[in-house]
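Notes follow the structure.
The values are calculated or read from the model by the stated rules, or taken from the named source; none is laboratory data. None of the values given here were measured: they were computed from a predicted structure. Counting neighbours? That spans all protein chains shown, and the Cβs are built from the backbone with ideal geometry, glycine included. Heavy atoms of the whole protein, side chains included, go into the accessibility calculation; ligands, DNA and RNA do not. Shrake-Rupley method; radii C 1.70, N 1.55, O 1.52, S 1.80 Å.
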Amino acid sequence: MEIQQLKVPGYEEVYRATDRRSGLLAFIAVHDTTLGPALGGCRMWHFSREDDAITDVLRLARGMTFKSAVAKTGLGGGKAVIVGDPKTQKSTELFRSMGRFIHTVGGRYITAEDVGTGTGDMITMRGETPYVSGLPRDKGGSGDPSPFTALGTFQGIVACAEEAFGKKDLNGLTVAVQGLGNVGYDLARRLKEAGAKLIVTDVNESRVQQAVKELGARASTPQSIYGETCDILSPCALGAVINDRTIPMLKCRIVAGAANNQLAEDRHGEALLERGILYAPDFVINAGGIINVSVEFQPGGYDEAASTKRVNRIYEAIRDIIATSKAQQIPTSQAAVVLAEKILSDARKAKGLPEPKRFEPAAWPAAVSHGTER
Ligand code: NAD
């Protein structure tokens with residue numbers, strides 16, 4: 001295997017690896033380890049250009065630093081990408097090779113599942129390096145993160161309802177849930193238990209029918225969900241759903257859901273504020289999964305009760321962001337970044353570390369790969 005270190009300002013370490021025998025071409029970016037080792041998923045994607053893979057690994061690693069900082073996981077931010085088609089180019093040798101690559105970073109980067117990789121791939125890599133997280137519970141890991149992501153999203157919704165309607169009680173509020181997958185369905189169930197009325201949609205009609213039958217939800221469609229009259233819109237399917245086309249359609253007071261990268265562009269956070277719609281920043285409200293994984297690194301190892309306790313604190317994190325947004329008169333999406341930067345800066349000062357050269361988010365090109373991010 002050939003490993004080359006790339007110098008990227010603002011990043012602690014970035015590596016490119018090639019292995020002719022297994023066909024591996026991969027990148028690891030360690031963005032920031034001020035708060036702990038850099039945790040972030042390993043994505044496999046058919047990038048058409050190597051530059052696109054580098055852009056993605058850098059953008060996603062930086063996002064993980066902010067996500068972990070606000071979630072107070074005691075971890076830093078990093079990411080890995082493997083260049084290749086996950087449907088046709090996976091092999092045991094490829095993931096063994098990736099495991100060896102990860103091992104060379106000496107634990108400063110810890111991997112997990114992401115778009116294009118699955119449990120089997122994690123188990124293969126674990127054979128080469130201990131720096132793999134999120135394994136199934138029967139393999140000593142923290143297991144499926146989705147129920148924890150749903151719990152955290154629920155807590156974030158409660159914090160938003162308290163702000164917008166002056167009460168933590170969701171009884172009688174109407175929530176429109178877009179996407180009834182692993183997270184969305186569990187969230188819908190929790191909302192129903194809290195007395196909320198549900199409007200739901202999914203491209204998978206059987207999930208919608210299940211929610212109608214089990215949760216008494218009213219079915220909407222993927223096209224009309226944005227215009228439904230409701231108190232809360234909860235995007236739990238795709239990214240970039242809050243955009244120039246959908247914002248004028250919204251008839252809700254709150255947007256709060258689990259989907260990653262909900263704002264098509266940063267300026268859409270401002271647009272929501274102008275319309276008087278309270279937005280729960282995605283990387284804060286959907287941090288339950290990463291919080292659950294982070295508990296693997298606590299002394300004594302993974303503990304579900306400890307994880308639940310920490311995930312419940314997403315309520316406070318969202319409240320802090322709302323308070324910062326009001327105090328500084330900035331959108332909540334911006335307040336979340338301000339808060340993350342402050343947590344990092346305070347930690348650097350406490351450790352006597354210098355401030356790194358910063359990248360402005362506006363300088364980032366749009367996402368290259370798509371799909372479910374953890
Ligand atoms: P999932 O694939 O299980 O569920 C997504 C659901 O959305 C599916 O049921 C799918 O049919 C539906 N869907 C797709 N396109 C749609 C459309 N146009 N309209 C309506 N529904 C549509 O994924 P998940 O694990 O439930 O994750 C949901 C979102 O939350 C994703 O954006 C993911 O990145 C994010 N997220 C998930 C986790 C986690 O722990 N699973 C953690 C953080 C963030």
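Quick grid of which residues meet (1) of a type in the set (Lys, Arg); (2) more than 20 Å from the chain's Cα centre (by Cα); (3) surrounded by 24 or more Cβ atoms within 10 Å (Cβ to Cβ):
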{"site": "ALA61", "(1), (2), (3)": "no, no, yes"}
{"site": "MET64", "(1), (2), (3)": "no, no, yes"}
{"site": "LYS67", "(1), (2), (3)": "yes, no, yes"}
{"site": "GLY77", "(1), (2), (3)": "no, no, yes"}
{"site": "LEU94", "(1), (2), (3)": "no, yes, no"}
{"site": "GLY99", "(1), (2), (3)": "no, yes, no"}
{"site": "THR104", "(1), (2), (3)": "no, yes, no"}
{"site": "ILE110", "(1), (2), (3)": "no, no, yes"}
Response to the item:
Among the residues of the range 139-177, the number that are more than 16 Å from the ligand (Cβ to nearest atom), within 29 Å of SER206 (Cβ to Cβ) and among the β-branched types (Val, Ile, Thr) is 1
Discussion item. Need the failing condition index for TYR315 against (1) open to solvent by 30 Å² or more (accessible area, probe 1.4 Å); (2) over 20 Å from VAL177 (Cα atoms), just the number.
Written reply: (2)
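Here is a check on your reading of the model: is ASN261 near the ligand (Cβ under 10 Å from one of its atoms) and not hydroxyl-bearing (Ser, Thr, Tyr)?
yes
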Item to complete: From VAL293, VAL311, VAL284, grab the single residue that is part of a helix (DSSP H, G or I), within 16 Å of the ligand (Cβ to nearest atom) and in the same structural domain as LYS167 (by TED's automatic domain parsing).
Response: VAL284
Worksheet item: LEU180 passes all but one of (1) more than 10 Å from the ligand (Cβ to nearest atom); (2) crowded, with 18+ Cβ neighbours inside 10 Å; which number fails?
Response: (1)
Item to complete: Look at the range 273-297 and say how many of its residues are in contact (Cβ under 8 Å) with a residue 60 or more places away in the chain and not aromatic (Phe, Trp, Tyr).
Response: 15
Worksheet, complete the sentence: Taking first residues from the range 164-177 that are of a type in the set (Val, Ile, Thr) and second residues anywhere that are surrounded by fewer than 18 Cβ atoms within 10 Å (Cβ to Cβ), the pairs with Cβ under 8 Å that are 6 or more apart or on different chains are THR174/THR229
Worksheet item: Looking only at the range 229-253, which residues are of a type in the set (Val, Ile, Thr) and either open to solvent by 40 Å² or more (accessible area, probe 1.4 Å) or not assigned by TED's automatic domain parsing to the domain that holds ALA280 (or both)?
Response: THR229
Discussion item. Can you tell me which of (1) over 25 Å from LEU263 (Cα atoms); (2) of a type outside the set (Lys, Arg); (3) under 19 Å from the mean Cα position of the chain (by Cα) is the one GLY166 doesn't meet?
Written reply: (3)
Worksheet item: For VAL255, all conditions in the list (1) under 26 Å from GLY289 (Cα atoms); (2) more than 12 Å from the ligand (Cβ to nearest atom); (3) touching a Pro at 6+ places or on another chain (Cβ under 6 Å) hold save one; what is the number of the exception?
Response: (3)
Discussion item. Please go through the range 255-281 and give me each residue that is part of a loop (DSSP other than H, G, I, E, B) and open to solvent by less than 20 Å² (accessible area, probe 1.4 Å), ordered by number.
Written reply: ALA256, GLY257, ALA258, ALA259, GLN262, ILE277, ALA280, PRO281
Worksheet entry | Among residues of the range 189-222, those that are open to solvent by 80 Å² or more (accessible area, probe 1.4 Å) and either in a strand (DSSP E or B) or out of contact with any helix residue (DSSP H, G or I) (no Cβ under 7 Å at 6 or more places or on another chain) (or both), counted | 8
Worksheet item: So which of SER333, SER294 ends up being of a type in the set (Ser, Thr, Tyr), open to solvent by less than 10 Å² (accessible area, probe 1.4 Å) and under 21 Å from SER68 (Cβ atoms)?
Response: SER294
Worksheet, complete the sentence: Subset of the range 135-158, residues in contact with a helix residue (DSSP H, G or I) (Cβ under 7 Å, 6 or more places away or on another chain), open to solvent by 10 Å² or more (accessible area, probe 1.4 Å), farther than 28 Å from LYS192 by Cβ and in a loop (DSSP other than H, G, I, E, B), comes to LEU135, PRO136
Discussion item. Looking at GLY23, GLY63 in this structure, which one is among the small types (Gly, Ala, Ser) and at negative phi?
Written reply: GLY63
